[in-house]
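> The structure follows.
The values are calculated or read from the model by the stated rules, or taken from the named source; none is laboratory data. If you're wondering where the values come from, they're calculated on a predicted model, not measured in any experiment. Neighbour counts are summed over all protein chains in view; Cβ atoms, including those assigned to glycine, are modelled from backbone coordinates with ideal geometry. For accessibility, only protein heavy atoms count, side chains too; no ligands or nucleic acids. Shrake-Rupley method; radii C 1.70, N 1.55, O 1.52, S 1.80 Å.
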Amino acid sequence: MSPRLSIWSACRALAVRTRPAVPPRIEPFRQIIPATRHYSDDAPGHPTKPIGADLPSKIKSPLTASKAEAASAEVVRNADSQLAKDASQVGEMAQDSHINTLDDATLEQILYGGRTVTSETEGGLTAAQEDALYREGTIPPPAEAEALLSRARSSESSQLPIAASNEIENPGHKFGLPRKPYPEGYNMKQRYHPVLEQITRLLMRDGKLSVAQRNMAMVMNFLRTAPAPIYSPKFPLLPGTPPASHLSLNPILYITIAVDSVAPLLKVRNVPGAGGGGRALELPVPLGVRQRRRMAFQWILDVINKKPSKGSGRKQFPHRIAEEIIAVVEGRSSVWEKRRQVHKLGTAARANVNSKKLKVKKRK
């Protein structure tokens, strides 16, 4: 019987050699320039020109190494001479430019959007002018403001009794005690600024005065850290307004200038039945300082409430108020249009002040 054949032993005796791997052939990159270049504005039916068709014959011909070096050197020399010529022309143009002939005030008006404040203005409002602004809503000249302040102080001192010679003026108190009898309208709540007190009361909701005071503090902080506004000549502020750089230093003055500038001088009241035939008669009525400020700030709040909210949180509402105050000073707020319409209507209705129908209505 023949022995069994083992396939595994036969394969084990067979020598197997692997084929050597052929390394990949790396060919150098060669850029192939097409004969023609197609554009999107080519007319149909008209073949485009070859790339080298418009070039001079010198460029088409192959250059040797020496010719190429000479051509490159000539190109460099031409470029240097052209740059030097351009630099000299630019220097001559800069010397003869009209900008150098302008003064600082004209340049400031051109560059900063018609800012009315010039660089020659050094100081802002005096203490007497600020006091007159807070009391009366106007900015008088410095001499007139000093006279008004001295007159107010003299009237206040005349109402107070003269202290005895043996009485101690400041008995150990830091700020001193108020003298008796107290002047008319004097109370503990007068320790706040009049403008801030009125605006804070207008901001108050649901009797939460502390929340309104906190919002007012955030508004003042925002105005204090904001950049200086840019005045608009189309919407002039109060006469005698200090430079824009001074407003951020005094947020109370900032708010007062914005509110008093857009405050209306009058309101139009409808007298029912005075126009005849059951028609109401429009009658312009002047407003006081507090009435004007209240109406102006109510307009500002209406504009703020109509704008979409930019977010949420405790600081969102006071920031919107501060941004609207800056927009009022810069002339970008729609409150100016409301003021113009009220004044226009009051000017048209001023003929009804001395109307006979109004006098008959008063007698009845």
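> Yes or no: segment 339-354 includes at least one residue that is farther than 30 Å from LEU247 by Cβ, assigned to a strand (DSSP E or B) and in contact with a Leu (Cβ under 8 Å, 6 or more places away or on another chain).
No, segment 339-354 has no match at all.
> Just checking, how many residues over segment 208-254 are open to solvent by less than 60 Å² (accessible area, probe 1.4 Å) and not aliphatic (A, V, I, L, M)?
14
> Now a separate question. If a residue must be among the β-branched types (Val, Ile, Thr) and in contact with a strand residue (DSSP E or B) (Cβ under 6 Å, 6 or more places away or on another chain), how many such residues does segment 243-293 contain?
3
For every residue, the table says whether it meets (1) at pLDDT 95 or above; (2) among the small types (Gly, Ala, Ser); (3) within 17 Å of ARG320 (Cα to Cα).
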site	(1), (2), (3)
SER210	no, yes, no
PRO229	no, no, yes
HIS246	no, no, no
TYR254	no, no, yes
SER261	no, yes, no
ALA274	no, yes, no
GLY288	no, yes, no
ARG292	no, no, no
VAL303	no, no, yes
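> What is the one condition in (1) under 30 Å from ALA228 (Cβ atoms); (2) at pLDDT below 70; (3) charged (D, E, K, R) that GLU169 does not satisfy?
Here GLU169 meets the rest and fails (1).
> Across segment 309-364, which residue is modelled with the highest pLDDT among those that are of a type in the set (Ser, Thr, Tyr) and exposed (fewer than 13 other Cβ atoms within 10 Å of the Cβ)?
In this case the residue turns out to be THR347.
> Now, a different point. Give segment 280-308 a look and list any residue that's open to solvent by less than 20 Å² (accessible area, probe 1.4 Å), of a type in the set (A, V, I, L, M, F, W, C) and assigned to a helix (DSSP H, G or I), or say none.
ALA296, PHE297, ILE300, LEU301, VAL303, ILE304
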